[in-house]
Amino acid sequence: MATEKIILAGFGGQGVMSAGQLLTYAGMLENKQVSWLPSYGPEMRGGAANCSVMVSDSPVGSPIITNDATSAIIMNLPSLDKFENDVAKDGILLVNSSLIERKVEREDVTVHYVPANEIANDLGNSRVANMVMLGAFLEATKAVETDSVLEAFKKVYGPRKEHLVPLNKEALERGAAAVRG
């Protein structure tokens, strides 16, 4: 892996920021160079939310990703409309097909349609849709190890949330399985 430049985007409240933080922290645990740059819409919940994450073997010069993302995790239609063309040729687009009915128009990227909300609901908790998408991303890119993300979860959320690790592990695994087909 050289450098993964990832855009995570969706509505506020869909967990794109926390997924980005977990990915960044997992990279730190693996002694990689990382950056996390959040961007919020003016609304508190339900507005636009996205973040840029870089995970690299070498120092990260700038946290800003300008139409050269290696991959994007897209949780809703407005985010697909906004970021579809920011993924570089031969990049990877992971699309939450539960909320996005339209297909990606580009043919020069790899696309994975993941029914994240359905999978999360099957697991009994709609709030893990972001972890399903993160699992799909990890399977598609191998940017960091799943175990590093789970370790990051424990560190970021602390002992009070540790009981949620098995659910989140299952969500990551189900997302990975969706990419494997």
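The values are calculated or read from the model by the stated rules, or taken from the named source; none is laboratory data. The model shown is predicted, which means the values in this text are computed figures rather than measured ones. All Cβ positions, glycine included, derive from the backbone under ideal geometry; neighbour counts span all protein chains shown.
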Exercise. Out of curiosity, is Ile7 part of a strand (DSSP E or B) and either polar (S, T, N, Q) or under 16 Å from the mean Cα position of the chain (by Cα) (or both)?
Worked result: yes
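Here is a yes/no grid of residues against (1) within 24 Å of Val156 (Cα to Cα); (2) buried (at least 22 other Cβ atoms within 10 Å of the Cβ):
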residue: Ser18; (1), (2): yes, no
residue: Trp36; (1), (2): yes, no
residue: Gly61; (1), (2): no, no
residue: Val95; (1), (2): no, yes
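Do the conditions hold for Val87, that is, is it out of contact with any strand residue (DSSP E or B) (no Cβ under 7 Å at 6 or more places or on another chain) and surrounded by 17 or more Cβ atoms within 10 Å (Cβ to Cβ)?
Details: out of contact with any strand residue (DSSP E or B) (no Cβ under 7 Å at 6 or more places or on another chain): no; surrounded by 17 or more Cβ atoms within 10 Å (Cβ to Cβ): yes.
Criteria not met by Val87.
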Exercise. What number of residues within segment 13-59 satisfy the criterion of being small (Gly, Ala, Ser), modelled with pLDDT of 95 or more and in contact with a Phe, Trp or Tyr (Cβ under 8 Å, 6 or more places away or on another chain)?
Worked result: 2
Exercise. Counting only residues that are surrounded by fewer than 20 Cβ atoms within 10 Å (Cβ to Cβ) and either at negative phi or within 14 Å of the chain's Cα centre (by Cα) (or both), how many does segment 140-178 have?
Worked result: 25
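Name the helices (runs of 4 or more DSSP H) wholly inside segment 64-181 in which the number of residues that are closer than 20 Å to Gly10 by Cβ and among the small types (Gly, Ala, Ser) is 3 or more. Break it down into steps so the answer makes sense when it comes.
Numbers: elements: 77-83, 116-122, 129-141, 146-157, 165-180.
Passing ranges, in order: 129-141, 165-180.
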Exercise. Taking into account only those residues within segment 122-139 that are charged (D, E, K, R) and out of contact with any helix residue (DSSP H, G or I) (no Cβ under 6 Å at 6 or more places or on another chain), which is farthest from Val55 (Cα to Cα)?
Worked result: Asp122
Exercise. Of Glu118, Glu162, which residue is among the acidic types (Asp, Glu) and modelled with pLDDT under 95?
Worked result: Glu162
Exercise. Quick one: how many residues across segment 105-153 are hydroxyl-bearing (Ser, Thr, Tyr) and under 25 Å from Glu30 (Cβ atoms)?
Worked result: 4
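Residues Lys103, Lys161, Lys89: which one is closer than 19 Å to Met17 by Cα and charged (D, E, K, R)? So that I can check it myself, show each step before the final result.
On the way: Lys103 fails: closer than 19 Å to Met17 by Cα; Lys89 fails: closer than 19 Å to Met17 by Cα.
The conditions single out Lys161.
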